[in-house]
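These notes are about the structure you will find just below.
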Amino acid sequence: MDLSSINPVLLLASLIAASTPILLAAIGELVVERAGVLNLGVEGMMITGAICGFAIAVNTGSPFAGFVMAALGGAALSLLFAALTQIALANHVASGLALTLFGLGLSSLLGQGYVGIKPPPTPKLDIPLLSDIPILGPVLFSHDLMVYLALALVAAVWGMLKYTRAGLILRAVGENHDAAHALGYKVVRVRVLAIAFGGACAGLGGAYLSLVRVPQWTEGMTAGVGWIALALVVFASWKAGRVLLGAWLFGGVSVLQLNLQAAGVAVPVEYLSMSPYLVTILVLVIMSADKSRAPGSLGRIFHASQ
Amino acid sequence: MTLKTLLTGAVLALGLTSTIALAQDDKTKVGFIYVGPIGDGGWTYEHDKGRLAIEEHFGDKVETIYRESVSEGADASRAITQMALSGADLIFTTSFGFMDATVSVAEKFPDVKFEHATGYKTAPNLATYSARFYEGRAIQGHIAGKMTKSNIVGYIASYPIPEVIRGINAAFIHARKVNPDVQFKIIWAYTWFDPAKEADAATALIEQGADVILQHTDSTAPQAAAEKAGGVVTFGQASDMAEYKPFPRVSSIIDNWAPYYIARTQAVIDGTWETQQVWHGIKEGMVEIGEITDAVPADVREEALAMKAAIASGEYHPFTGPLKKQDGSDWLAEGETADDGTLLGMDFYVEGLEGDIPQ
């Protein structure tokens with residue numbers, strides 16, 4: 001065993017990068033579920049975002065344009081889900097699963113010409129002075145813009161849900177859509193907006209995978225990240241702060257276990273491999289002992305006549 | 001009531017059309033079950049190239065079908081059963097983890113021929129086939145031992161099965177032979193295909209000083225990670241991965257399944273198909289060595305090519321004694337070569353490797 005070969009600074013820096021895709025997808029899904037919609041299509045929207053972002057970034061040479069298109073692509077796909085569930089009143093679970101299958105298929109169709117191409121590098125945001133601070137500099141201040149955007153989004157969602165009128169309306173719609181409707185709020189409109197936001201976030205998360213973390217396009221490259229994001233929202237009791245904690249835990253332990261393996265730690269590999277899931281679930285389950293519960297109208301179909 | 005009638009009608013109609021389809025079925029139907037997507041750029045991509053080669057070779061006489069991204073487990077037997085029910089005459093299941101599912105489905109469909117890649121269980125209608133990837137690994141190990149400056153070689157392993165362990169041993173033996181100081185750091189990814197995880201594993205290895213990365217996972221993500229880090233050597237796995245030439249990818253192992261697939265399809269058409277256990281290597285052309293690029297010094301390239309020629313002619317076996325097991329006990333005496341039985345069931349590291357194989 002040689003723990004000294006693990007560089008804690010590099011480890012923490014790659015923790016933050018590794019957790020960003022999950023964080024983005026999960027914070028989007030959190031808003032969707034707080035509005036009372038269960039969208040199981042996160043995986044499909046992520047991978048669609050991954051290829052949209054990748055294709056645009058390759059063609060324009062600008063990763064920024066890629067991320068914008070990834071958000072639009074994810075949102076466009078999610079609007080399909082919105083049309084099915086909010087207008088055609090289809091079952092949320094079935095529509096969400098269909099969206100995942102559709103997204104996976106669509107992305108491999110769109111991605112056919114992009115296998116083996118390298119995307120333009122996403123510049124790191126080296127903040128002068130701050131990134132020169134020893135230890136803290138490389139860990140906190142030398143990432144790309146998307147990492148900070150993801151953190152800002154978490155803060156914005158938290159603040160919005162807790163302190164603003166818009167957040168209150170969103171939560172009302174999610175807790176009891178009949179009551180919200182009786183008060184005159186546009187339940188369908190609020191939900192469609194939430195779904196589109198969730199789709200855009202998932203798309204950004206996917207693009208972060210294909211443009212920064214891997215970076216290349218491979219069919220099926222999200223390989224289940226969307227499902228982990230979905231589970232994370234539940235284990236985080238629909239709270240923004242805990243989603244951040246969960247994503248960091250999951251990303252952190254995933255990276256740590258790989259490093260421990262490479263360093264030859266004498267813990268059986270099977271335990272190391274399951275550790276990210278185990279640790280994340282344990283911590284979040286213990287934290288959710290405060291009787292937080294799911295939004296009251298989660299997954300229920302709303303129609304004004306009922 | 002009406003719905004019921006409608007449904008019954010639909011079922012009847014379906015049944016009718018499928019009988020008609022069966023009656024008219026004179027084409028040979030060949031099915032493939034893949035563990036990853038056909039665009040993974042590695043393992044599944046090469047199998048699918050074999051499928052396309054069948055289509056090209058036989059034209060209208062043969063129809064091929066495939067299912068990609070089938071997970072190893074309960075889902076596999078469902079997918080294989082479905083394929084057998086859809087009228088396939090020959091089914092290739094192309095991952096080690098499909099073994100038990102293939103065996104159980106083969107029992108239920110005695111008239112359908114099954115071929116399972118990299119496994120060891122056979123039946124009258126179930127054959128196995130695999131390639132001697134370890135021959136290619138030996139050449140990679142030689143190049144890796146010569147190319148590393150930090151003397152740390154990173155190895156991204158998938159699952160602790162004999163095929164993967166054989167690869168690690170073959171690479172390590174030949175790396176040590178040319179560089180006594182070389183060390184292997186091994187990460188078990190527990191996946192065949194997960195680009196993000198593969199990239200993370202490569203990054204972890206590079207951060208811990210590895211400047212050569214060998215992979216036994218299917219995607220090109222480690223190549224991209226190595227390229228991003230700079231100065232790290234990689235090898236294409238299962239497919240040429242030529243888009244990363246000439247550096248970081250300096251050579252590759254290419255699995256060429258096409259000739260085998262065509263021969264076996266022909267055997268089914270001719271009615272001469274019999275169960276067998278095939279294990280082909282460089283000699284038969286099932287394992288190919290991708291171009292060794294100019295990033296490798298000329299003398300190292302010559303040595304690697306000489307080793308390839310010696311393996312192909314049967315003059316040299318990558319597992320030739322004296323070799324000891326990791327615990328120091330004797331395995332092969334001077335000049336002795338490993339027999340196929342031991343290799344197929346390999347569950348131990350050779351001397352010098354650190355760490356334990358997950359059980």
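The values are calculated or read from the model by the stated rules, or taken from the named source; none is laboratory data. Not measured: the values here are computed from a predicted model. Cβ coordinates were reconstructed from backbone atoms using ideal geometry, including for glycine residues, and neighbour counts include every protein chain displayed.
Of all residues in the stretch B:211-243, those that are within 17 Å of residue A:258 (Cα to Cα) and facing chain A (nearest Cβ under 8 Å) total 2. When A:251, A:246, A:224 are screened for being under 26 Å from residue A:67 (Cα atoms) and either more than 14 Å from the chain's Cα centre (by Cα) or away from chain B (no Cβ under 14 Å) (or both), only A:246 passes. Hey, any hits in the stretch B:263-285 for a residue that's within 14 Å of chain A (Cβ to nearest Cβ), at pLDDT 90 or above and touching a Gly at 6+ places or on another chain (Cβ under 8 Å)? No. Looking only at residues in the stretch A:106-126 that are part of a helix (DSSP H, G or I) and surrounded by fewer than 13 Cβ atoms within 10 Å (Cβ to Cβ), the one that is nearest to the chain's Cα centre (by Cα) is A:109. The set of residues in the stretch B:263-276 being under 18 Å from residue B:128 (Cβ atoms) and either surrounded by 15 or more Cβ atoms within 10 Å (Cβ to Cβ) or basic (Lys, Arg) (or both) consists of B:264, B:265, B:267, B:268, B:273, B:275. Within the stretch B:312-326, is there a residue that is in a helix (DSSP H, G or I) and surrounded by fewer than 18 Cβ atoms within 10 Å (Cβ to Cβ)? The answer is yes, given that some residue of the stretch B:312-326 is in a helix (DSSP H, G or I) and surrounded by fewer than 18 Cβ atoms within 10 Å (Cβ to Cβ). Considering only residues that are among the hydrophobic types (A, V, I, L, M, F, W, C) and crowded, with 16+ Cβ neighbours inside 10 Å, which ones fall in the stretch A:150-177? Result: A:150, A:151, A:153, A:154, A:157, A:158, A:160, A:161, A:169, A:170, A:172, A:173. Residue check: residue B:282 meets all listed conditions (1) farther than 16 Å from residue B:251 by Cβ; (2) assigned to a loop (DSSP other than H, G, I, E, B) but one, namely (1).
For the stretch A:101-115, the condition of being away from every other protein chain (no Cβ under 14 Å) and touching a residue at least 40 places away in the same chain (Cβ under 8 Å) holds for at least one residue.
Looking at this structure, is residue B:270 of a type outside the set (Val, Ile, Thr) and touching a Phe, Trp or Tyr at 6+ places or on another chain (Cβ under 8 Å)? Answer is no for this residue. Do you know which residues across the stretch A:20-55 are over 23 Å from residue A:98 (Cα atoms), buried (at least 24 other Cβ atoms within 10 Å of the Cβ) and more than 9 Å from the chain's Cα centre (by Cα)? Result: A:54, single match.
Residue A:283 meets the conditions (1) more than 9 Å from every other protein chain (Cβ to nearest Cβ); (2) not in a helix (DSSP H, G or I) in every case but one. The failed one is (2).
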